[in-house]
Amino acid sequence: MSCKKCTEIFVLENKPSTIYFISEFDELLSKSHNFLKKLQIDVKEINGLICISVDDTEVFFIENLDALNASFNSQEKNYIKLFIEDEKNSFTYQSMLLAKPLQRYINILEDKEFFDIINNESLTSHFQPIINMKDNSIYGYETLARGVREDGTLVYPDELFKKSKRNDLNFRLDRLCRESSLKTAATKKVHQKVFINFIPTSIYDPEYCLNSTVKWAKQLEFDPSQIVFEVVETELVKDQKHLKNILEYYRSKGFKIALDDVGEGYSSLNMLIELKPDIIKIDRNIIDGIDKNELKQSVYKALFNLAREHNITVLAEGVETVYELEMIKSIGVDLVQGYYFAKPTTEPIRKI
């Protein structure tokens, strides 16, 4: 629903199974009705009101507050009053603050499995080794979050973040993923560096939003210098000043910073100059088939030389063949990650 006038649903606070959809516009009610029909949701009438049922959730369509009062008997009104917490039997300011578009509630019903994962904090992390090319030792691990369903099967990050985005839960999911990475790494007794992805656009106040991550790092007795926070989705970052504030906060706590997908576009190159990360991860699209592509070799060489001039460590990600590995080694590389060495696993690989 996209109408800006009044497409609001008021949820009575303690009764999530009942939703009251208020609109004084007949046209909007009609459009809502048609929208639900397209979704093949059954529409019926209760107490003279249009009502739909979706997975035991009832949604009432009401033209105005008078219609609400006229459509329920006194016992039902008291029941409603109990949930509104208002002596005058009307909607409270608090309930208005909880108002959400109809589409949001449909998302909630469709994404029940996702909400179960979030509410139960059912997350774990897999580990992909990062190899130090100086001595072929394991330099560290990138931790990759997975949701865990009730039956034990996994939900991958692309699906998790797709659903968190449409439900405005990126901040919470991002925080849970960071904490899961730390907890899982501590449980698996990882002593090398731990690379943890984070989405900067989900963080509005570094000191507040990142406080719990810092707390868990201290509580689990991690050396901050062993934790590398990896900026992902750099192409979506519009406010570089805000991103710098986030990274400065991390650095003030002793953590390292990596910039992901460098070389993917202008924005990441601009950030490389502006942010001066400790590590850059060169985009896998540049690494893919680099042994056969002279243009990719030139781009890689330019990035490597730029990083070397500024004492930035270079990590080539997405290496899948011995030929790609030999090519980047001939140009220059510090760290390497990819399926050629290992896929992400539940148990960290201890030796290559």
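The values are calculated or read from the model by the stated rules, or taken from the named source; none is laboratory data. As the structure is a computational prediction, the values presented were derived from the model and not from experiment. No Cβ is skipped: glycine too gets one built from the backbone with ideal geometry, and neighbour counts run over all protein chains shown. All accessible areas refer to the heavy atoms of the entire protein, side chains included, with ligands and DNA or RNA removed. Shrake-Rupley method; radii C 1.70, N 1.55, O 1.52, S 1.80 Å.
State whether the residues of the range 290-312 include one that is of a type in the set (Gly, Ala, Ser), outside any helix (DSSP H, G or I) and within 22 Å of Glu142 (Cβ to Cβ). Lay out the reasoning, then the answer.
So in the range 290-312, the residues of a type in the set (Gly, Ala, Ser) come out as 298, 302, 307.
Applying the additional criterion that residues be outside any helix (DSSP H, G or I) yields none.
No, because not a single residue in the range 290-312 is of a type in the set (Gly, Ala, Ser), outside any helix (DSSP H, G or I) and within 22 Å of Glu142 (Cβ to Cβ).
May I ask you to list the residues in the range 311-322 that are more than 20 Å from Lys343 (Cα to Cα) and open to solvent by 100 Å² or more (accessible area, probe 1.4 Å)? Hit for the range 311-322 is Asn311, nothing else.
Here is the figure for the range 297-350: residues that are more than 20 Å from Asn270 (Cβ to Cβ), hydrophobic (A, V, I, L, M, F, W, C) and without any contact (Cβ under 8 Å) to a residue 60 or more places away in the chain total 7. The set of residues in the range 256-270 being free of Cβ contacts under 8 Å to residues at least 40 places away in the same chain and either open to solvent by less than 10 Å² (accessible area, probe 1.4 Å) or touching a Cys at 6+ places or on another chain (Cβ under 9 Å) (or both) consists of Ile257, Leu259, Ser268. Can you find even one residue in the range 233-247 that is at pLDDT below 85, in a helix (DSSP H, G or I), surrounded by 14 or more Cβ atoms within 10 Å (Cβ to Cβ) and touching a strand residue (DSSP E or B) at 6+ places or on another chain (Cβ under 9 Å)? Checked against the condition, which is being at pLDDT below 85, in a helix (DSSP H, G or I), surrounded by 14 or more Cβ atoms within 10 Å (Cβ to Cβ) and touching a strand residue (DSSP E or B) at 6+ places or on another chain (Cβ under 9 Å), the range 233-247 yields at least one hit. Residues in the range 325-341 that are within 31 Å of the chain's Cα centre (by Cα) and open to solvent by 10 Å² or more (accessible area, probe 1.4 Å): Val333, Asp334, Tyr339, Tyr340, Phe341. Would you check if there is a residue in the range 192-213 being open to solvent by 40 Å² or more (accessible area, probe 1.4 Å) and more than 15 Å from Phe171 (Cβ to Cβ)? Yes, some residue in the range 192-213 is open to solvent by 40 Å² or more (accessible area, probe 1.4 Å) and more than 15 Å from Phe171 (Cβ to Cβ). Please enumerate the residues belonging to the range 110-139 that are in contact with a helix residue (DSSP H, G or I) (Cβ under 7 Å, 6 or more places away or on another chain), under 19 Å from Tyr339 (Cα atoms) and not small (Gly, Ala, Ser). Listed by number, the list holds a single entry, Met133.
Looking across the range 313-352, the residues that are within 21 Å of Gly263 (Cβ to Cβ), among the polar types (S, T, N, Q) and not in a helix (DSSP H, G or I) come down to Thr313, Thr321, Gln337.
Number of residues in the range 284-302 that are open to solvent by less than 10 Å² (accessible area, probe 1.4 Å) and touching a strand residue (DSSP E or B) at 6+ places or on another chain (Cβ under 7 Å) equals 2.
The residue that is least open to solvent (accessible area, probe 1.4 Å), among those in the range 150-172 that are part of a helix (DSSP H, G or I) and closer than 21 Å to Thr345 by Cα, is Leu160.
Go through the range 180-212 residue by residue and tally those that are hydroxyl-bearing (Ser, Thr, Tyr) and at pLDDT 80 or above.
Pass one, the range 180-212, residues hydroxyl-bearing (Ser, Thr, Tyr): 180-181, 184, 187, 201-202, 204, 208, 212.
Keeping just the survivors that are at pLDDT 80 or above gives 180-181, 184, 187, 212.
Adding up the residues that qualify gives 5.
Assigned to a helix (DSSP H, G or I), aromatic (Phe, Trp, Tyr) and either under 29 Å from Asp334 (Cβ atoms) or in contact (Cβ under 8 Å) with a residue 60 or more places away in the chain (or both), is that true of Tyr208? The answer is no for Tyr208.
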